[in-house]
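*Asks:* The structure that follows is given in the form of structure tokens.
The values are calculated or read from the model by the stated rules, or taken from the named source; none is laboratory data. Values in this document were obtained by computation on a predicted structure and should not be read as measured data. In this analysis, Cβ positions are derived from the backbone assuming ideal geometry, glycine residues included, and neighbour counts consider all displayed protein chains.
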Amino acid sequence: MLGVSEKTVYRWINEQNLPGYRLSGQYRFNRAEILEWATANRINVSPAALGELETEAQSLPTLAEALQAGGIFYRISGRDKQSALAAVVEVLRLPDEVDREHLLQVLLAREQLASTGIGGGIAIPHVRSPIVLHVPKPTITLCFLETAVDFGALDGKPVRALFTLVSPTVRAHLNLLSRLAFALRDARFRALVDQEATREAILSEVEQLSQALVADSAGNAQRQGADTP
């Protein structure tokens, strides 16, 4: 998934807190945690792994569709992590039956486990168990805070942009997180986020990135098919 040797994985576990669980003498890894860690540490995820997620989830929305559904909001209030997340939860496009207070508590509980601040003034708040939300489809909501807030990010920079993931299943959550991680490695997209660009500019760039990811996935699938005896 990370495209590195086993030796490097062990080194990252010891030196860079790569999340893993030692059971019966062997390490086990949670795919969502690996994606989160790789995004925070700006480590590329193997294109083959992203292609696998894309192949498994043809019926899921693209990154652009998920962001279009979730929306982009500006000048969100908040003086600290809790009040900022509360303001974000208020603008999320959720079904009426979703308990927003419960969602806020789940997001705060996730932050207590480990900060979702990935550096560069960006955080990706999300619930640990997506299925508890019972929403009809996965979405990403981008919120720009009026005042930057300390999220305990690895680089120490306060957060101003929050991508909030809401998914009905773990599978959808992994797929959405992998696509967002792919987009956040793109210099033009990061620049638009840093500049708090217009909705139109951000969505246009995300649409191009979505098309590029689909094309890369198709190319990987063709190459794998050609290699199969």
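*Asks:* Among the residues of segment 172-201, count how many are farther than 17 Å from ALA161 by Cβ and of a type in the set (A, V, I, L, M).
*Replies:* Count: 2.
*Asks:* Name the strands (runs of 3 or more DSSP E) wholly inside segment 78-174 in which the number of residues that are among the small types (Gly, Ala, Ser) and within 24 Å of LEU18 (Cα to Cα) is 2 or more.
*Replies:* By residue number, 117-119.
*Asks:* Would you be able to say whether some residue in segment 174-195 is free of Cβ contacts under 8 Å to residues at least 60 places away in the same chain, touching a Pro at 6+ places or on another chain (Cβ under 9 Å) and crowded, with 16+ Cβ neighbours inside 10 Å?
*Replies:* No, because not a single residue in segment 174-195 is free of Cβ contacts under 8 Å to residues at least 60 places away in the same chain, touching a Pro at 6+ places or on another chain (Cβ under 9 Å) and crowded, with 16+ Cβ neighbours inside 10 Å.
*Asks:* Looking only at segment 175-198, which residues are of a type in the set (Gly, Ala, Ser) and either assigned to a loop (DSSP other than H, G, I, E, B) or within 15 Å of ALA64 (Cα to Cα) (or both)?
*Replies:* Passing the criteria: SER178, ALA181, ALA183, ALA197.
*Asks:* Out of segment 1-32, which residues are in contact (Cβ under 8 Å) with a residue 12 or more places away in the chain and within 25 Å of ALA172 (Cα to Cα)?
*Replies:* Within segment 1-32, MET1, LEU2, GLY3, LEU18, PRO19, TYR27, ARG31, ALA32 meet the criteria.
*Asks:* Please verify whether segment 137-147 includes one or more residues that are out of contact with any His (no Cβ under 9 Å at 6 or more places or on another chain) and modelled with pLDDT under 90. Let's see the steps before the verdict.
*Replies:* Kept after step one, since they are out of contact with any His (no Cβ under 9 Å at 6 or more places or on another chain), are these residues of segment 137-147: 137, 139-147.
This time we only want the ones that are modelled with pLDDT under 90, so: 137.
Looking for residues that are out of contact with any His (no Cβ under 9 Å at 6 or more places or on another chain) and modelled with pLDDT under 90, one finds at least one in segment 137-147, hence yes.
*Asks:* Does segment 136-170 hold any residues that are surrounded by fewer than 22 Cβ atoms within 10 Å (Cβ to Cβ), of a type in the set (S, T, N, Q) and under 20 Å from GLU196 (Cα atoms), and which are they?
*Replies:* Within segment 136-170, just THR147 meets the criteria.
*Asks:* Still on this structure, I have one more. Within the group GLU146, GLU90, which residue is touching a residue at least 12 places away in the same chain (Cβ under 8 Å), among the charged types (D, E, K, R) and over 18 Å from SER178 (Cα atoms)?
*Replies:* Details: GLU90 fails: touching a residue at least 12 places away in the same chain (Cβ under 8 Å).
Answer to the check: GLU146.
*Asks:* Contact list please: Cβ distance under 7 Å, first residue in segment 66-83 and more than 19 Å from GLN195 (Cα to Cα), second residue small (Gly, Ala, Ser), pairs at least six apart or on different chains.
*Replies:* Taking only residues 6 or more apart or on different chains, the pairs are GLY78/ALA84; GLY78/ALA87.
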